[in-house]
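**Student:** Can you read through this structure? Questions will come right after.
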Amino acid sequence: MKILVTGGAGYIGSHTVIELLKENYEVVIADNFSNSNPKVLDRIKEISGKEFKFYEIDLLDKDNLDKVFVENKIDAVIHFAGYKAVGESVAKPIEYYHNNLTSTFVLCEVMKNHGVKKIVFSSSATVYGLNNTSPLLETMPLSTTNPYGSTKLMIEQILNDLYISDDQWGIALLRYFNPIGAHESGRIGENPNGIPNNLMPYITQVAVGKREKLSIFGSDYDTHDGTGVRDYIHVTDLAVGHIRALERFQDNTGVEAYNLGTGNGISVLDLVNAFMKVNDVKIPYELVGRRAGDVATCYANSEKALKELNWKTEKTLEDMCRDSWKWQSNNPEGY
Ligand code: WQD
């Protein structure tokens, strides 16, 4: 089977391409490098030992995207491409809505024109908003608190409407919790531009000496140690979840949302202490005020993914800490 991976040069996209190649899928990557590095393509070849096709295109460019489908018999699409920084989306809402929504419209239009009606969409636990109690279930009410999260929720609704209009579509909406870690080779990993927003890349940059110390946002939450609790999932486990979702809809139609998380709530201090222990490094930190928009606790109930996708996480918190550090220490400046 030939899979088009939009945003396939990105953090989660590249790890998913590795797992697709490992399972003998043919892969076509479309990426415009707006939040990824061309060097990733060589690293994917190095790790997998396999070839794949690559198109440097923007999904907003319908003619060039159509060319991908003319030149390749695509069986299904995994759609990662999109802007993903929460804070940036608050400052630049129109860019986020235009880029994330319009590129999805163009993609679905071109897919339909070529009779390709299987898509796995990269959604996010952020669609659960601030008012649900963890462990989070797919049936819980959805809401968002920032334009980035709203693009994810809107695209889920758009894909639901697409299925209602044509029940030949097979659509998986994968709600990620907190992806961290890196491929065990240490040759690909998370490579944020500028100051990391997310916790683990900030930790690894402190460990490698690029940042002086970690600020822990909030130590007065109603959690076991006062710091924020999240569901950290190894990016390789997350990648495999996409392949199980492809299989689920290979010979089926429908639209379903799935939580991809471990089901375990880990606090900021839990993660920092695990990282220091596993890697025998010191992470200086300071307890500071809460970050606006953060919830105290967010972790998954992933029983539906286990039952319907036959998927569950295999990697441990120690694996996540070890693999994150291996990537960062081998690539102090990223790619
Ligand atoms: C995790 C915990 C912070 C940085 C975000 C997006 C979400 C998804 C995953 C895309 C929180 C604390 C963080 C730091 C800290 N992205 N923290 N110091 O906010 O759970 O989710 O990334 O889909 O949409 O919202 O992840 O890694 O930013 O924060 O104390 O320097 O670490 O307060 O408790 P978050 P995060």
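The values are calculated or read from the model by the stated rules, or taken from the named source; none is laboratory data. For clarity, every value in this text was computed on a predicted model and none was experimentally measured. Here Cβ is always computed from backbone atoms with ideal geometry, including for glycine, and neighbour counts include all displayed protein chains. Calculation scope for accessible area: heavy atoms of the full protein, side chains included, ligands and nucleic acids excluded. Shrake-Rupley method; radii C 1.70, N 1.55, O 1.52, S 1.80 Å.
**Student:** Go through the stretch 192-212 and give me each residue that's open to solvent by 80 Å² or more (accessible area, probe 1.4 Å) and more than 17 Å from ARG291 (Cα to Cα).
**Tutor:** Once the filter is applied, which keeps residues that are open to solvent by 80 Å² or more (accessible area, probe 1.4 Å) and more than 17 Å from ARG291 (Cα to Cα), the stretch 192-212 yields ASN193, LYS210, GLU212.
**Student:** While we're on this one: Restricting attention to the stretch 270-313, which residues are outside any loop (DSSP other than H, G, I, E, B) and small (Gly, Ala, Ser)?
**Tutor:** Those that are outside any loop (DSSP other than H, G, I, E, B) and small (Gly, Ala, Ser): ALA274, ALA300, ALA305.
**Student:** Taking SER143 as meeting all but one of (1) within 16 Å of the ligand (Cβ to nearest atom); (2) buried (at least 18 other Cβ atoms within 10 Å of the Cβ); (3) of a type in the set (S, T, N, Q), write down the number of the exception.
**Tutor:** Answer for SER143: the failing condition is (2).
**Student:** Now, a different point. Can you pull out every residue in the stretch 252-269 that is open to solvent by 50 Å² or more (accessible area, probe 1.4 Å) and either free of Cβ contacts under 8 Å to residues at least 60 places away in the same chain or not in a strand (DSSP E or B) (or both)?
**Tutor:** If the condition is that a residue be open to solvent by 50 Å² or more (accessible area, probe 1.4 Å) and either free of Cβ contacts under 8 Å to residues at least 60 places away in the same chain or not in a strand (DSSP E or B) (or both), then ASN252, THR253, ASN264 are the ones that fit.
**Student:** Output the residues belonging to the stretch 288-322 that are open to solvent by 30 Å² or more (accessible area, probe 1.4 Å), of a type in the set (A, V, I, L, M, F, W, C) and away from the ligand (no atom under 16 Å from the Cβ).
**Tutor:** Result: LEU306, single match.
**Student:** Taking the condition of being hydroxyl-bearing (Ser, Thr, Tyr) and exposed (fewer than 15 other Cβ atoms within 10 Å of the Cβ), how many residues in the stretch 80-134 meet it?
**Tutor:** Count: 2.
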